[in-house]
Ligand code: XIL
């Protein structure tokens, strides 16, 4: 195969990218994105501040731009994200307690209704665990009660029973880290109590502070053994080592339930960490050595 999406499809997987609505008019960008990828995650356009800028008033203009571009080009869409401490609109940042809890529920219902039946998987909850210690991150949502995550998942299941429901986080790639174990224990608990969860998203933002580790495969297989799919949702690697990119692909391919990989942007110049040159295409749209090694590994 000669593209990432087609190569991933050989084993029933997808290969995706984050897309920005503001770049859909740029042909150098859309040519690569359309050719190489078969799954799309809106980089910012489905976040809470974008979709509900005022309470009860939903806005899907930019999200729909990406959704429509994806579907018109035969791609599926991962929704990102419904409940998160970051990129909340001002009105939500100032809420707390039962009012915030209800606002979260209303937000999930409002966004999922708009896309009902049309989203492959939703990152229902994003980044709810603390960077160290293995416990929850402090946030306005966490302060509404420890059950906020399962409330989000139960709400989401009812709102769109066709979408896979994912928990997504960073620094849960290394199996030996407390944060990984904290999320693992939450997913195990959810599965044992029947809280609806279908997948875990490993963001996989690898850099010098949180480098790729060969126990990544153990992390993937351990989550999968709980009965959830695992997706690599925001992959980027500082410096874009071809060897490390191939290791990531091989680790996913080694686990049947690791069913897709998404890189967090198309070209280095599109990256949220462009200084790290962490992606598969350079700023001119040329394939980097990491691209060649990923394609060969798929
Ligand atoms: C980032 C986007 O790439 C940036 O454009 C934005 O300014 C901040 O958010 N974890 C996530 C993503 O789940 O939503 C983040 O995306 C990167 C880290």
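The values are calculated or read from the model by the stated rules, or taken from the named source; none is laboratory data. None of these values were measured; they are calculated from a predicted model. Please note: Cβ atoms are built from the backbone with ideal geometry, for glycine as well, and neighbour counts cover all protein chains shown.
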Check your understanding: What are the residues in the stretch 202-222 that are under 25 Å from residue 163 (Cα atoms), away from the ligand (no atom under 16 Å from the Cβ) and touching a residue at least 40 places away in the same chain (Cβ under 8 Å), if any?
Key -> 219, 222
Practice item. Using the structure shown, decide if residue 93 is at pLDDT 95 or above and either in contact with a helix residue (DSSP H, G or I) (Cβ under 9 Å, 6 or more places away or on another chain) or within 21 Å of residue 145 (Cα to Cα) (or both). Key: yes
Point to revise | Looking only at the stretch 10-67, and only at residues there that are in a strand (DSSP E or B) and surrounded by fewer than 22 Cβ atoms within 10 Å (Cβ to Cβ), the one that is nearest to the ligand (Cβ to nearest atom) | key: 14
Check your understanding: Out of the stretch 250-266, which residues are in contact with a helix residue (DSSP H, G or I) (Cβ under 8 Å, 6 or more places away or on another chain), within 20 Å of residue 76 (Cα to Cα) and surrounded by 19 or more Cβ atoms within 10 Å (Cβ to Cβ)?
Key -> 252, 258, 260, 261, 266
Exercise for review: Go over the candidates 35, 65, 76, 55 one by one and state the one that is closer than 30 Å to residue 99 by Cα and in contact with a helix residue (DSSP H, G or I) (Cβ under 9 Å, 6 or more places away or on another chain).
Suggested key: 55
Exercise for review: Determine which single condition residue 131 fails, assuming it passes every other condition in (1) on the phi < 0 side of the Ramachandran plot; (2) crowded, with 17+ Cβ neighbours inside 10 Å.
Suggested key: (2)
Practice item. Kindly indicate the residue of the stretch 223-238 that is out of contact with any helix residue (DSSP H, G or I) (no Cβ under 7 Å at 6 or more places or on another chain) and either closer than 13 Å to residue 289 by Cα or not in a strand (DSSP E or B) (or both) and also nearest to the ligand (Cβ to nearest atom) among those meeting that condition. Key: 224
Exercise for review: Go through the stretch 138-172 and give me each residue that's away from the ligand (no atom under 13 Å from the Cβ), surrounded by fewer than 21 Cβ atoms within 10 Å (Cβ to Cβ) and more than 18 Å from residue 196 (Cα to Cα).
Suggested key: 138, 139, 140, 142, 143, 144, 145
